[in-house]
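Only one structure is covered here, and it is reproduced in the block below.
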Amino acid sequence: MSDASGMMPACPLPHAHRDVITMAHGGGGSLMHRLIEQVFMAGFSNPALEERHDAARLQVGSGAVAFTTDSYVIQPLIFPGGDIGSLAVHGTVNDLAMAGARPLYLSAGFILEEGLPVELLTQIVRSMRAAADAAGVQLVTGDTKVINRRGNHGVASGGDGMFINTAGIGLIEHNLTIGPRQVHPRDCIVVNGDLGRHGIAVMAVREGIEFETAILSDSAPVAAAVLDLIAAGVAVHCLRDLTRGGLVSAANEIAECSGFSARLDEAAIPVREDVRGACELLGFDPLYVANEGRFIAYVPPEHVEKALDVLRAHARDTRPAMIGTVTDEKPVRVTLDSRIGAPRILDRLSGEQLPRIC
């Protein structure tokens, strides 16, 4: 049946929103990837950016440092297992760790919405200081700005109280080159712990959902584990923390940059049963849910057991695992051997499962 214009009716396809920024552009999926490639990489391209790593490796005199920056817009500001302050520290030192660096110094820019209680700000600053002390870094410079409160007269900040921007510097004390371009076929993919806790913890408090067991965010610094991997002689080829877009987005980023596929084993990927149940209830896939204390390491097969031994020494209520391998399969993609034995292609999300998660 045709309508009055002679057009056949059809189900509408999702609009790509190519002409305006949407929340999905910040979710770690395909829209964010396209934004980075077509706008930021096109506008700022240089050799350091072309490495497409969590932190830039820079030569300073005869040594090397890692440099990174990040912004935190999480809502709510306080969640089970952390808050925006500790999250900002953990996220920044973890980006430095992904370059194999020892984190040393941070900056912090606070964007505060008018009406934010000073008592709440003080609580978050104290949490941030405690996280920095535990991670062995100092906050040495910063900035503060105040924005208008969301109002009824066209002034809308959307600040939800506060945003935090951080930058970090770390020292690279070894001769390894760690990054996606160092990945080789037969490399094994190791994860330092279970997945999905951060995203589900934030979602639960945001939506007022209570579970039978407490689900706390996995937010934590991981630099000590990475530095111990290197000190133990593990030939770390690549590292990536599993933040926005979770495991799948990180694996796809590395596959695209390295030119090699990844094959993951669903049965080997650690996900707690309460997190898996919460994901099923809410319609989420834990492989795409954001984490803030989890990373994957690409290492040669002969170094897997040593890597797992090191990571077990740093595990908190979790278990590291080998979850997949690198292959030279074409076309380049990430696939999953499911629990029922059927292969599944793991594409990037077109948007995001959980907005404002980090």
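A quick yes/no check of all residues on (1) out of contact with any strand residue (DSSP E or B) (no Cβ under 7 Å at 6 or more places or on another chain); (2) at pLDDT 75 or above; (3) closer than 24 Å to Gly109 by Cα:
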| site | (1), (2), (3) |
| --- | --- |
| Met7 | yes, no, no |
| Leu13 | yes, no, no |
| Gly26 | yes, no, yes |
| His33 | yes, no, no |
| Ile36 | yes, no, yes |
| Phe40 | yes, yes, yes |
| Leu49 | yes, yes, yes |
| Ser62 | yes, yes, no |
| Phe67 | no, yes, yes |
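Within the range 59-98, the set of residues being under 27 Å from Ala255 (Cβ atoms), of a type outside the set (Gly, Ala, Ser) and surrounded by fewer than 19 Cβ atoms within 10 Å (Cβ to Cβ) comprises Phe67, Thr69.
Listed by first and then second residue, the pairs linking a residue in the range 115-140 that is over 26 Å from Leu104 (Cβ atoms) to a residue that is modelled with pLDDT of 95 or more and in a helix (DSSP H, G or I), with Cβ atoms under 6 Å apart and 6 or more places separating them unless they lie on different chains, form an empty list.
Within the range 31-58, take every residue that is in a loop (DSSP other than H, G, I, E, B) and within 21 Å of Ala250 (Cβ to Cβ) and give me the one that is nearest to the chain's Cα centre (by Cα). Give the steps one after another, and end with the answer.
Taking the range 31-58 and keeping what is in a loop (DSSP other than H, G, I, E, B), we get 45-46, 51-55.
Filter again for within 21 Å of Ala250 (Cβ to Cβ), leaving 51-55.
Working: Glu51: 17, Arg52: 14, His53: 12, Asp54: 9, Ala55: 13 Å.
Here the answer is Asp54.
The set of residues in the range 265-288 that are touching a residue at least 12 places away in the same chain (Cβ under 8 Å), of a type outside the set (A, V, I, L, M, F, W, C) and not in a helix (DSSP H, G or I) comprises Asp265, Pro270, Arg272, Asp285, Pro286, Tyr288.
The set of residues in the range 101-144 being among the basic types (Lys, Arg) and either part of a helix (DSSP H, G or I) or at positive phi (or both) consists of Arg126, Arg129.
For Ala278, state whether it is under 21 Å from the mean Cα position of the chain (by Cα) and surrounded by fewer than 18 Cβ atoms within 10 Å (Cβ to Cβ).
Details: under 21 Å from the mean Cα position of the chain (by Cα): yes; surrounded by fewer than 18 Cβ atoms within 10 Å (Cβ to Cβ): no.
No; evaluated as a whole, the condition is false for this residue.
When every residue of the range 52-71 is checked against the conditions, at least one turns out to be over 22 Å from Gly179 (Cβ atoms) and not assigned by TED's automatic domain parsing to the domain that holds His314. The strands (runs of 3 or more DSSP E) falling completely within the range 294-343 include none with 2 or more residues that are modelled with pLDDT under 95 and of a type in the set (A, V, I, L, M).
The values are calculated or read from the model by the stated rules, or taken from the named source; none is laboratory data. In this text, all values refer to a predicted model and were calculated from it rather than measured experimentally. Using ideal geometry, Cβ is built from the backbone for each residue, glycine included, and neighbour counts are taken over all protein chains shown.
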